[in-house]
Amino acid sequence: MDKNLAPVSSGVKKITTHVLQEMKMKGEKISMLTAYDYTMAKIIDHAGIDMILVGDSASNVMAGHETTLPITLDQMIYHAASVIRGINNCLVVVDLPFGTYQGNSKTALESSIRIMKEAGGHAIKIEGGKEIIESVNRILSAGIPVMGHLGLTPQSIYKFGTYTVRAKEEEEAERLIEDAKLLEQAGCFAVVLEKIPAKLAKKVAEELTIPVIGIGAGNGVDGQVLVVHDMLGLNKDFSPRFLRRYANLYEDMLGAVQGYITDVKTQDFPNDKEQY
Ligand code: KIV
């Protein structure tokens with residue numbers, strides 16, 4: 001059977017939205033990283049991650065754009081399908097890219113269906129609260145799990161004007177809490193909170209029954225997500241306070257490539273054992 005079409009209950013225990021809900025209830029923290037390609041997804045899944053996010057941050061780290069806005073639905077489907085081919089156990093959430101859901105719930109549903117059908121995604125993520133709730137409802141009515149995303153929502157960067165911490169003021173914090181509750185009531189299985197004060201994120205996690213996943217939102221939430229290129233140290237120029245680097249792959253790869261160049265130039269590579 002095509003792996004993408006295998007029932008979720010077959011084989012080893014798979015992470016489903018129900019498993020994530022149980023983890024929240026038991027107080028077990030949820031781990032999530034981004035991935036955009038087969039090889040990286042395979043390693044991350046093998047390591048035992050709970051969720052992979054095929055984030056529209058692919059626009060930045062894979063394509064080199066300054067913002068997440070240019071990436072297209074076709075490109076997201078390409079990345080998501082590559083990730084799906086690499087995983088066995090984790091739940092794969094795919095971002096709805098900018099322009100594929102705003103203002104029109106029919107388009108939002110059609111975009112989500114393409115992600116589920118063509119990429120084999122397990123769920124979609126969508127940025128925003130009250131203003132996109134009609135789209136959330138319509139996607140959910142088709143049986144597609146939805147993850148919300150509040151706080152710093154990078155697709156709105158031209159409205160915010162900066163990537164600084166959101167919801168520091170009382171009014172925006174109140175609105176964020178209301179939006180989080182709306183998303184939960186609509187039936188979202190989880191919500192991402194990006195770059196907001198830790199105290200506010202903790203309050204949201206305590207008030208919601210669904211898992212709240214943080215990025216730059218402190219330790220009082222139900223799980224954490226990071227962009228994999230950032231946490232592996234592939235991206236030297238990005239050092240926000242919330243980022244912990246678990247490797248220094250930029251330097252490691254630089255050294256490896258420089259070593260190869262030297263060996264080629266000096267004719268050290270290939271040696272007698274490395275040829276036929
Ligand atoms: O696209 C992405 O990587 C994201 C995370 C930062 C949450 O949305």
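The values are calculated or read from the model by the stated rules, or taken from the named source; none is laboratory data. As the structure is a computational prediction, the values presented were derived from the model and not from experiment. Positions of Cβ are backbone-derived with ideal geometry, glycine not excepted, and every protein chain shown enters the neighbour counts. Only protein heavy atoms, including side chains, enter the accessible area calculation; ligands, DNA and RNA are left aside. Shrake-Rupley method; radii C 1.70, N 1.55, O 1.52, S 1.80 Å.
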TODO: Take Lys29, project a point 7 Å from its Cα along the Cβ direction, then tell me which residues of the stretch 229-258 have their backbone nitrogen under 19 Å from it.
DONE: 229-233, 240-247
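State in Å² the accessible area per residue of the chain; use a 1.4 Å probe, count heavy atoms of protein chains only, and round to the nearest integer.
Ligands and nucleic acids excluded, the figure is 53 Å² per residue.
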Open item on the list: Report the Cα centroid-to-centroid distance between the stretch 139-190 and the stretch 19-86 in angstrom, as an integer.
Closed with: 19
Open item on the list: Not counting ligands, DNA or RNA, and with a 1.4 Å probe, what is Thr162's accessible surface area in Å² rounded to the nearest 10?
Closed with: 60
Task: Residue among Gly255, Gly103, Gly128 with the largest mean-square fluctuation in a Gaussian network model of the chain, springs linking Cα atoms under 10 Å - done: Gly255
TODO: Once you've got the Cα coordinates, tell me which of Lys125/Lys236; Lys159/Lys199; Lys24/Lys202; Lys29/Lys202; Lys29/Lys236; Lys26/Lys130 are over 18 Å apart.
DONE: Lys125/Lys236; Lys159/Lys199; Lys29/Lys236; Lys26/Lys130
- [ ] Identify, among His79, Leu150, Gly99, the residue whose Cα sits farthest towards the positive end of the charge dipole of the stretch 61-190, taking +1 on the Cβ of Lys and Arg and -1 on the Cβ of Asp and Glu, with the dipole about the Cα centre.
- [x] His79
Task: Surface/4 estimate of mean projected area, convex hull on alpha-carbon atoms of the chain, nm² - done: 17.2
Open item on the list: Could you put Phe242, Phe189 in order of accessible surface area, largest first, with the 1.4 Å probe and the full protein assembly present?
Closed with: Phe242, Phe189
TODO: Count neighbours as other Cβ atoms within 10 Å of each site's Cβ, and list the trypsin sites (Lys or Arg not before Pro) in the stretch 168-223 that are DSSP loop with at most 11 such neighbours.
DONE: Lys168
Open item on the list: Using alpha carbons only, how many angstrom separate the centre of the stretch 210-275 from the centre of the stretch 110-138?
Closed with: 30
- [ ] Kindly report, to the nearest 10 Å², the accessible surface of Leu183 as traced by a 1.4 Å probe over protein heavy atoms only.
- [x] 0
TODO: Could you pull the accessible area for His122 with a 1.4 Å probe, rounded to 10 Å²?
DONE: 60
Open item on the list: Could you work out what % of the accessible surface of the chain is carbon and sulfur, using a 1.4 angstrom probe and leaving DNA, RNA and ligands out of the count?
Closed with: 53
